[in-house]
Structure formats: C-alpha cells, structure tokens
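The next block holds one structure in the form of structure tokens; read it before the comments.
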Amino acid sequence: MSMAPVSAAHRPRLLGEKERFMLLLIAPAALVLLSFEVVPILIGMNASFRDWSLVNPQKTWVGLRHYVEVFTDPVFLKIVLPNTFILMVSSVTLSLVFGLALAHLLKRQFFGRILIQTVVLLPLTIAPVITATMMRWSFNDQFGILTNLLAVIGVPQVGWLSERWPSFIIIILTDVWIWTPWFTIILLAALQGLPKEPYEAAQIDAASKWGIFTHVTLPLLRPVIAVCVLIRAIDAFRTFDQVWVLTGGGPARSTEVFSVYAYVEAFVNLDLGRGAAAAGAGAIIMLAVGLGLYAIVNRAMEVSR
Amino acid sequence: MSLSLAVSSTGPRAQAGGFLGLLGVAGRRVFFALAVVAILLIFIGPVAILLLTSVRPPSGVYYIWRGWEFTLDNFAEVLAQPVVLHSMWNSFVLSSIATVASLGVTVGSGYMLSRFTGPIQRSWFGIIYVFRTVPYISWVLPLYLVTTNLGIYDTYLGLLLPHVAVHVCFFSWIMKGFFDSISPSMEHAALIDGCTRWGAFRRVALPSAMPGIAALAILSWLWTWNEFLFGLILTAQRTPVITVTMAQFVTETGTEWHLMSATAVLAMLPALLITIFGQKYVVRGLRM
C-alpha cells in the first residue's frame, strides 16, 4: 500500500510515455525557437540596457536610460505610436471588409471567376517591397502616373509622398491592397465549407440577402474572422517593408511606425542599444495588445459555439 | 404579360436585396459588371504600371503613359548584372529549403497542440502565442549579432535558420487547425490495433492533413521569397536576396526606375507561376 506512492515517485508522471511523445513532437520547433528567437531576444534585452552604439566597444551598462529616452521621446509618443495603431486598425478593418466582399463575390459561379480569383490573389504573389516601390513610383511628384491621373480628374495636386497625411493614407491603402487577398482566400475557403442547412432554413423563412448575411453567414464565420483579425492585427503592428520603401518614415519622421523607428535608431543612428530598447518597448506594448486581443477573440469564439 | 413576368421573377429578390434590389435585373447586372471591372483595375493596376515601366527605354521611363517606344533592353541590362541572377538563385534555394524545414519542424508541434491536453500542451500554446506577438524587429536586430558571432552572417544558414524560426509559432498554430479539423477516431483505432503513437501520427494523421500542409507550403514559399526585413539586416554582398537587390537600384542621382521595374518583374515571375498553379490547392487546403 505504502509502496505505490514511492514507485510513482520513481517514475514521475510528467515524463510518462505520452508526455515524452508530446515533448518529442515539439522538440524541433522548440529548439529552433529557443536558439533563433529566444536567445536573440535575450541578447536584445541585454543590449537595450547598455550603451551599445556600434562605435563604442565598451558597451557600458546604462540601466533603463534607453527605455526612459524612448518613452519620453516626443517622436515615439506623439507620432510613432499613434501611426502604428492607426495603421493597424485601419488596415485590418478595411482589408477585412474588402476581403469579405471579394470572398462573397468569388463564392458564386460566374463566367471568368477563375480569372478574377487569380487577379485578386496577385498581391499575395508580389513582395510588399515591390508593391511599395511601385506605389512610390506611381505617386512620384512629377512623373507618377497616379499623381497625374488624380490631377486630370481634378483632385487638388499635393505632394503625395512629401506631406504627412497624404503619404500615410498611401501607406494604409498599400497595406490594404497587399493584405486583402489574405482575408479573401481564408474567408472564401471558410464560406465554401459552411453547412447548407442554415441557408435552406433562411430561404424558407424568406429572409432578405442582407438578413441572411448578417444573421447566418457572419455568425458562422465569426471564429474564422476572429482568428484572421488576430493574426493580421499582430502582423500589422510590426509593418516595416511598405513604410520603409514608400516614405522611409519621412517626411521628417512623420510617417514612422514602430518597426521603422527601431530600425532607424539601430542602423541609421547606429545606436544598437537605443534601437533594442525601442524594439523592446514595442514588444511590451504588443504583448499587452496581443493578450487583450486574445481574450476578445476567445470570447468571440465561445459566443459562436 | 412580359412585364408581369419580369416583375414576378424579380419580385421576391427586389424586396430582399435592399438597394441592389431597386436596380432590377439589368441594373444589377451592370452593377455587378462594374464591380468586376473595378476589381480588375484595382488589382491589376500596380502590376500593369510595373510591367509598363519595365519595358520603357530610359528616355521614356518618365511619363510612361506617353509615347510608344518599348524595349527589352532593361531586362538584358539587369540580367547582365551577376548580382541579379545570383540573388534570384539565393532566394529560390532559400525559399525552398526554408519551406521544407519550416513544415518539417512545425508539423509535430501542431499535431501535439491539436491532439493532447494538459499542462505541457497549455504551456507550449502559451509560448507560441506570446512569441508570435514579438515584433520581428525585436529579434532581428540582435540576430545580426548572433549570426555574426556564430560566423554565419551573410550565409545561407544565417538566413535559413531565422526564416524557419519566424515560421515556428505561426505554422504550429495553423497546423493545429489542420489537425483539429480531422477526426482523431482513425488514430485511436490505429493505436488499438497496436500502432505506436509515432506510427499513428505519421501514417494516419499526417496523410489526412496533407491538403492543408500543401496549401501552407505554397504560402510559406511565397512569404520567404517576398521577405525583405531579414534579408536587409542579415545579408550583404555574399548572399544577396532578390527583394533587397531590387530595392537597391537607387543611385546618388535618383532611382533607376526602369532597371528596378525590370528586376521587380523578374522577382515576381516565379511567385506568379506558383500562385497561378497553386491557388487551387491553397483554397482547397485552407477549407479543411
């Protein structure tokens, strides 16, 4: 009787056959994650507490100074953070709405559907850098085709990429263009997999199309939409490529988002410590946002169950 | 008579469709056609501008909508630069290996997340989620130091491993979804028949998840091919990648738009082919 707990202690339950199999399954992923994400993050944290400018070999410990500098930097507080959140919210919302509309269109069978689907998926194919480069070219002050087109149809000519809000709107729209296909393709796959019965019931009730959409389709899609938004929102927070290529954060740092800010501090101002602190500050903010979003999404999933 | 027929055929829908219903059948057709045209314009537009710029001679590259001189010299010129073909080859090798490695590394992780419960599963899911939220810039900056110290900065390995690491969290999550949509009853049956856990995973669950994995493989290849920030920070002259090479057609006198566009078109082609031939698998695989 008293032997049982002893033998159980000899073979701890944590490493039973099943647990060992679980650990085996995650071992490769955990190893890669540890060595190429966790370790760099720790090194980055270390660097953020030091005067790690590329020209200073001493790497003096400066404690929280960099963090204080970042969090009291008016550029970071008044421009970078608002920009980052504006980009995140507007890009995710607009791509979700357009993606949903396009998925609805592509769900139907019509002549040329495959062509449209291929065209809609184009942005997924093209590197964001290339897209952003083309947008920069198209909005070139003098030679840009869209600058000239807009002038022809009577839009007052502004320096599209040399003023804060016009260039920031271009950044947002470019991001929406790039990410709409991602929503489209996932929502299309989800729409095609929806059960038929609720629709037949709705048809018997003579529900309107809009009613069917809001009362049948949207609730059924809610889990997929929730996960899509979660994934995209996290990614949108760290947008770099489009902003870097389109404006480089300019004019005068007015369109910088958080990733660009950290990159500029580290590789343009050549202060790796300050850059790491900026990146760390962003990571902390993002972790809070991510956990909040996760709670919201979890609730959305439970409601729809 | 014909009028009443028309009305009765659109009647229920007309009540139903809100403002679209007010347009009537013909109106709705026109609206639909206009929407399709608008979509085509919006999505083809930037690509068309890119293509047009890439075939304009240096003299006609400004004001690309004027004049009719076209040339393929830009392509010849960028292809004559060794760095362009070299970067394309690097990107190709990197995307292919990174895709295989990422899928190989994460398939077990996703399976574990889907099939098991308990503290290990919960902690791993927490870890995955938390590290998913870490912005790339927060660990790519120090990765520069890591790869330099390991002596793999600006090599295949030094780019490949971070690329796999960046996929670990996201792909584990997606793979979990694939396995969630497959009923575990077949694996239970296999286990009862004396199959090992590993055998049940490899020979029963894995084949059922293949459509999803194929979809993810295509997306993974595209994402790696199109990646920019990693290439920007972790490569230099030795292992250039195509996205960074393309972005570097900027000289002191300004951007060489015609050469940049030609390079961009070249960079787009492989990805375009993969999308055209792979979209069927992507839509099918993500439906699971």
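In table form, for the structure just shown:
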read-out: Highest-MSF residue in chain A out of A:Leu149, A:Leu25, A:Leu246 [GNM, Cα springs under 10 Å]; value: A:Leu25
read-out: Cross-link partners of A:Lys18 among lysines (Cα-Cα below 23 Å; sequence separation of 8 or more within a chain); value: B:Lys176
read-out: List of the range A:129-144 residues, accessible area with partners at least 40 Å² below that of the chain alone (1.4 Å probe); value: A:Val129, A:Ile130, A:Thr133, A:Met134, A:Arg136, A:Trp137, A:Phe143
read-out: Anchor A:Lys196: lysines whose Cα lies under 25 Å away (excluding residues fewer than 8 positions away in-chain); value: A:Lys107, A:Lys209, B:Lys280
read-out: Accessible surface buried once B binds A (1.4 Å probe; total of both sides; Å²); value: 8300
read-out: Span-like helix ranges in chain B, DSSP H, alpha carbon extent 15 angstrom or more, Kyte mean at least 0.0; value: B:2-16, B:24-54, B:82-115, B:119-133, B:136-150, B:156-180, B:206-226, B:257-287
read-out: Within chain A, helix-based [θ] at 222 nm, where runs of 4 or more DSSP H residues each add -39,500 (n - 2.57), nearest 500; value: -21500 deg cm²/dmol
read-out: Cα gyration tensor, the protein assembly as shown - rounded (a/c under 1.5), prolate or oblate; value: oblate
read-out: Accessible area of B:Ile192 in the full protein assembly, 1.4 Å probe (Å², nearest 10); value: 140
read-out: Between the range B:227-288 and the range A:142-193, the Cα center-to-center distance that results, in Å; value: 20
read-out: Sequence-distant residues sharing a close amide H with A:Arg50 (under 5 Å, placed H); value: A:Val62
read-out: GluC sites (Glu not before Pro), loop per DSSP, at most 16 other Cβ atoms within 10 Å - longest free stretch of chain B; value: B:70-251
read-out: Heavy-atom surface of the range A:65-304, accessible at 1.4 Å and reported per residue (Å²); value: 40
read-out: Whole-percent carbon and sulfur share, accessible surface of the protein assembly as shown, 1.4 Å; value: 69
read-out: Shielding by partners, peptide A:244-256 (average Cβ within 10 angstrom, other chains); value: 1
read-out: Per residue accessible area in Å² of the range B:76-287, where ligands, DNA and RNA are left out and the probe is 1.4 Å; value: 38
read-out: Helical contribution to [θ] at 222 nm, DSSP H n ≥ 4, -39,500 (n - 2.57), averaged over chain B, rounded to 500; value: -25500 deg cm²/dmol
read-out: Listed peptides A:216-222, A:30-36, B:171-177, A:73-79 by packing density, highest first (mean Cβ within 10 Å); value: B:171-177, A:30-36, A:216-222, A:73-79
read-out: Virtual paramagnetic centre 7 Å along Cα→Cβ of B:Ser181, amide N under 19 Å, in the range A:163-198; value: A:181-198
read-out: Listed residues A:Lys209, A:Lys107 arranged by accessible area, highest first, probe 1.4 Å; value: A:Lys209, A:Lys107
read-out: Rounded Å value of the spacing that divides the Cα centres of the range A:73-96 and the range A:252-302; value: 11
read-out: Complex-versus-alone comparison for the range A:257-271, residues with a loss of 30 Å² or more in accessible area, probe 1.4 Å; value: A:Tyr263, A:Phe267
read-out: Protein-protein interface of the range A:168-191, residues with accessible area decrease of at least 30 Å², isolated chain reference, 1.4 Å probe; value: A:Trp177, A:Trp182, A:Ile185, A:Ala189
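The values are calculated or read from the model by the stated rules, or taken from the named source; none is laboratory data. Nothing here was measured: the structure is a model prediction, and the numbers come from that model. Here the Cβ is made from the backbone with ideal geometry for all residues, glycine too, and neighbour counts use every protein chain on show. Surface areas here come from the heavy atoms of the whole protein model, side chains and all, with no ligands, DNA or RNA. Shrake-Rupley method; radii C 1.70, N 1.55, O 1.52, S 1.80 Å.
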